[in-house]
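Here the structure is laid out as structure tokens; the discussion comes afterwards.
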Amino acid sequence: RQRQGESEIGNALADAFRAHYGADIGWVNGGGVRADIPGPVMTLRDAYSVFPFDNKVMHARVTGAALRQGLEQAAARVQDLGGGFPQVAGMAFELDATRPPGERIGAIHVGGRALDEAATYSIALTNYVFNGGDGVEAFLDGEVLAPADGAPADAEVTQPELLHQAI
């Protein structure tokens, strides 16, 4: 379900990414979410089941135009269950999957305000997405604020209070 629309787990994970850096936006690719949380408390083992690829959570600054382009690229394969569908926090967007790729995204709001394509926004996302994964190449020219080298794994960012526990 994370590959065609928003999900509770996707929103929670995007919130965790956003909170980790205090970013404007948290972005998790739906195809990267591989399991549900089994109960009310998420353990680090659960987090690694959800995020088994050990992607690193980066922090970057991108333009509003790049955000729009990234959303279009992420939604391009939604009908084929492509993995790029974005689970987001701090941002809302309208999607019409019946429209042709490149024309699917309507209104976008960041922090409750209409997207300004000339403005810059900070975004927390995995190195996989930042580097063009799932066909999302819009962020390749983004300004890196926290690089993948030395960044925490996606699973670790979801539950920082559990990092001291062994898997």
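Details
- Inter-residue pairs, beta-carbon under 8 Å, first more than 25 Å from ALA155 (Cβ to Cβ) and in segment 55-76, second among the polar types (S, T, N, Q), 6+ apart: THR63/THR120; GLY64/THR120
- Failed condition for ALA16, given (1) open to solvent by 10 Å² or more (accessible area, probe 1.4 Å); (2) assigned to a helix (DSSP H, G or I); (3) at pLDDT below 75: (3)
- Hey, ALA74 open to solvent by less than 40 Å² (accessible area, probe 1.4 Å), closer than 25 Å to ALA148 by Cβ and modelled with pLDDT under 95 or not: yes
- Note on segment 58-123: no enclosed strands (runs of 3 or more DSSP E) hold 1 or more residues that are within 13 Å of the chain's Cα centre (by Cα) and more than 17 Å from ASN11 (Cβ to Cβ).
- Residue ID - modelled with the highest pLDDT, chosen from residues in segment 1-11 that are surrounded by 18 or more Cβ atoms within 10 Å (Cβ to Cβ) and assigned to a helix (DSSP H, G or I): GLY10
- Just one of (1) touching a strand residue (DSSP E or B) at 6+ places or on another chain (Cβ under 6 Å); (2) part of a helix (DSSP H, G or I) fails for GLU156. It is (1).
- Tallying residues that are on the phi > 0 side of the Ramachandran plot and β-branched (Val, Ile, Thr) within segment 104-141 yields 0.
The values are calculated or read from the model by the stated rules, or taken from the named source; none is laboratory data. In this text, all values refer to a predicted model and were calculated from it rather than measured experimentally. Using ideal geometry, Cβ is built from the backbone for each residue, glycine included, and neighbour counts are taken over all protein chains shown. For accessibility, only protein heavy atoms count, side chains too; no ligands or nucleic acids. Shrake-Rupley method; radii C 1.70, N 1.55, O 1.52, S 1.80 Å.
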